[in-house]
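I have placed the structure first, in the form of structure tokens, so that the comments after it can refer back to it.
Nothing in this text is a laboratory measurement; each read-out follows from the coordinates by a stated rule. All of these numbers come straight from a predicted model, not from anything done at the bench. FYI the Cβ positions are ideal-geometry reconstructions off the backbone, even for glycines, and counts take in every protein chain you see.
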Amino acid sequence: MPRTRGECERGPRPCPWPRCRYHLACEVRGEGSGETCALDLAAWGGMSFTEIGFVLGVSKQRAEQIERVALRRMRGRLQLLGVTRADIVHAVGWFEADGGEDAA
């Protein structure tokens, strides 16, 4: 199983590693687009809820609901960790100033 995006980027599709943390099959049940890697989808850029619903095999409304729940959970966890909005703005600014690429 690959350890980095670079190792799997040009690998076989659909992804043959269902235990990978970015593999969608472990998260979604249903008839979607056949995409199996969350990293592939992220590389495409912004998507509408209709497009996300198609990929996941769910309705547009369900895709919106999934986002709301995920954002609520992230806010709660960040609050528990004491992360503020200013911390996030600072981190995003640093990331974008660095070219948006991970240093690793």
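Using 0.36 nm per residue of separation minus the Cα-Cα distance, give me the extension gain between Ser59 and Arg13 in nm, one decimal.
That works out to 14.1 nm of additional length.
Sticking with the crude label model, points 7 Å out along Cα→Cβ, report the distance from Glu51 to Thr84 in nm, one decimal please.
That separation, rounded to one decimal, is 3.6 nm.
With labels modelled as points extended 7 Å from the Cα through the Cβ direction, what inter-label distance (nm, one decimal) is found for Thr4 paired with Arg75?
Between Thr4 and Arg75, the label points sit 3.6 nm apart.
Of the listed peptides 73-85, 35-47, what is their order by residue-averaged count of other C-beta atoms within 10 Å, with the highest listed first?
Listed from highest to lowest mean packing, they are 35-47, 73-85.
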